[in-house]
């Protein structure tokens, strides 16, 4: 469970990016964070992953208050998340396999066990045949999928994606959204920030709309079961 | 525990692989460290060899105990008794004035000198060997003996030993100072190398942080890198040291022969090698720790 309570964030020398934002995200939900660029979407996601800390208010992840976390405990909190960044943040000095391996190595998983999980993650995003390829040779959509494979290889409970379809054409974007839906169906909480017009599937999910740092509307999940029939998800884990 | 081992072995393999891939720069680094470390090593070997040489010559420091002229035989036997019982004295030898006179007469130079003398001016004397070998203890003993009744003069035969020891002491201090200065230089060199490596991997470090790497995880490969630079450097230093000494020993042997001495530079013992390598490793570790700490954790 992720809970924001009257959260404000201000960077030194700037206006408030977020103003008294409150909401709750239940486990297993799929949530879209929308708003114009500069509305505070990325900051909201950074607050969740304890990359930033709130200026005021509290951010609760599970039962942990991120502002009161010791610096040494932050890495362990972050391991609960799978983070997908707008600019992928792939490492271009190593192949796809090694890119996906990084979170496992950080967790101390190596060898055959790691290889199995890496291939499973690559398979899920349809890149199994590219494990030896360098990321620079992949298309934009493939790079984004590789980033997703890296985010899910550790089987996180929460997946956070910042503009995952930002630079992709519609077909790729639909593919990626379908992937996220598949993860949600196996119980992962999925939080996606996007400024693009939401497609049909997304419009039925919970939405947090930000405008100049304020949460202006919070649309509850509507008829979820009906929505799921529209899109055929990829194989769940 | 297994997880911990996995993380360490991975960091280790990663670094060894990286060093193998960049072997020219690794080799360069090892040579820089090796040359730097072998300097105090060479000085140590020289001082150590001289020390042993001094030890051999000094072997048994002697104290000559000249007695007052015209002593009662009773006093002499009293001194004899005290010498026998003294715990600090290994053995002694009584040289009566008649015996010394005779010895001097046998000596050609002495005989000329004695010809001008009418009577024996020599005192009775004891030649004694103390158990203690260090100059301080011998000197203490000498001062004690000087106080005994009937003793005119207690003379330590070789005050040059003291001078030699002082010079060697100076040599030891020079080694210390040199080692300290060069250690500092090595820490700086390794620190700088590691800092450059960190700069080429800032991206990986940033991503690792974002996906939950602990500081220890980020630091680990760099610390291993420092340790391995130290290890290679120490090994190179050892090699250089052994080759230089072997090379020099030919010439040293020639020179020593001219002085009819068996003096050789001693090959350093494995203990010295161990000290060399362990200190190189520690310096490597320290250098990289400082570098990592400075470039990674201060910028936040």
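The values are calculated or read from the model by the stated rules, or taken from the named source; none is laboratory data. Note that the coordinates shown come from a computational prediction; the quantities given were computed from them, not determined experimentally. In this analysis, Cβ positions are derived from the backbone assuming ideal geometry, glycine residues included, and neighbour counts consider all displayed protein chains.
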So which pairs qualify, if the first residue must be in the range A:108-121 and facing another protein chain (nearest Cβ under 8 Å) and within 15 Å of residue A:156 (Cα to Cα), the second must be in a helix (DSSP H, G or I) and at pLDDT 90 or above, the Cβ gap must be under 9 Å, and the two must be at least 6 apart or on different chains?
A:109/A:101; A:109/A:103; A:109/A:117
Out of (1) at pLDDT 85 or above; (2) under 26 Å from residue A:166 (Cβ atoms); (3) buried (at least 16 other Cβ atoms within 10 Å of the Cβ), the one residue A:28 does not meet is (3)
How many residues does the range A:156-191 hold that are at pLDDT 90 or above, out of contact with any helix residue (DSSP H, G or I) (no Cβ under 6 Å at 6 or more places or on another chain) and closer than 24 Å to residue A:11 by Cβ?
2
Check B:225, B:213 and return the single one that is over 30 Å from the mean Cα position of the chain (by Cα) and not in a helix (DSSP H, G or I).
B:213
Cβ pairs under 6 Å, 6+ apart or interchain, first in the range B:6-27 and within 14 Å of chain A (Cβ to nearest Cβ) and surrounded by fewer than 19 Cβ atoms within 10 Å (Cβ to Cβ), second assigned to a helix (DSSP H, G or I) and modelled with pLDDT of 85 or more, ordered by first then second residue, are B:12/B:224; B:14/B:221
Would you check which residues across the range A:87-107 are within 13 Å of chain B (Cβ to nearest Cβ) and not in a helix (DSSP H, G or I) and list them?
A:87, A:88, A:89, A:90, A:91, A:92, A:93, A:94, A:107
Which one of these does residue B:210 not meet: (1) within 14 Å of chain A (Cβ to nearest Cβ); (2) under 21 Å from residue B:22 (Cβ atoms); (3) surrounded by fewer than 19 Cβ atoms within 10 Å (Cβ to Cβ)?
(2)
Over the range A:33-49, the set of residues over 17 Å from residue A:189 (Cα atoms) and within 14 Å of chain B (Cβ to nearest Cβ) is A:42
Does at least one position in the range B:249-259 carry a residue that is under 21 Å from the mean Cα position of the chain (by Cα), assigned to a helix (DSSP H, G or I) and either crowded, with 17+ Cβ neighbours inside 10 Å or more than 14 Å from chain A (Cβ to nearest Cβ) (or both)?
yes
Pick out the one residue from B:55, B:41, B:59 that is modelled with pLDDT under 80 and either under 18 Å from the mean Cα position of the chain (by Cα) or within 14 Å of another protein chain (Cβ to nearest Cβ) (or both).
B:55
With the first residue restricted to the range A:76-104 and required to be under 14 Å from residue A:121 (Cβ atoms), and the second required to be assigned to a strand (DSSP E or B), Cβ contacts under 6 Å at 6 or more apart or on different chains are A:82/A:159; A:84/A:161
Looking at the range A:177-187, is at least one residue more than 12 Å from chain B (Cβ to nearest Cβ), surrounded by fewer than 19 Cβ atoms within 10 Å (Cβ to Cβ) and closer than 24 Å to residue B:206 by Cβ?
no
Mind listing just one residue for me: the one in the range A:7-25 that is loosely packed, with under 14 Cβ neighbours inside 10 Å and assigned to a strand (DSSP E or B) and, of those, nearest to the chain's Cα centre (by Cα)?
A:24
In the range A:54-80, which residues are at the interface with chain B (Cβ under 8 Å from one of its Cβ atoms) and either under 30 Å from residue A:140 (Cβ atoms) or buried (at least 19 other Cβ atoms within 10 Å of the Cβ) (or both)?
A:75, A:78, A:79
Could you tell me whether residue B:290 is assigned to a helix (DSSP H, G or I) and either surrounded by fewer than 16 Cβ atoms within 10 Å (Cβ to Cβ) or under 20 Å from the mean Cα position of the chain (by Cα) (or both)?
no
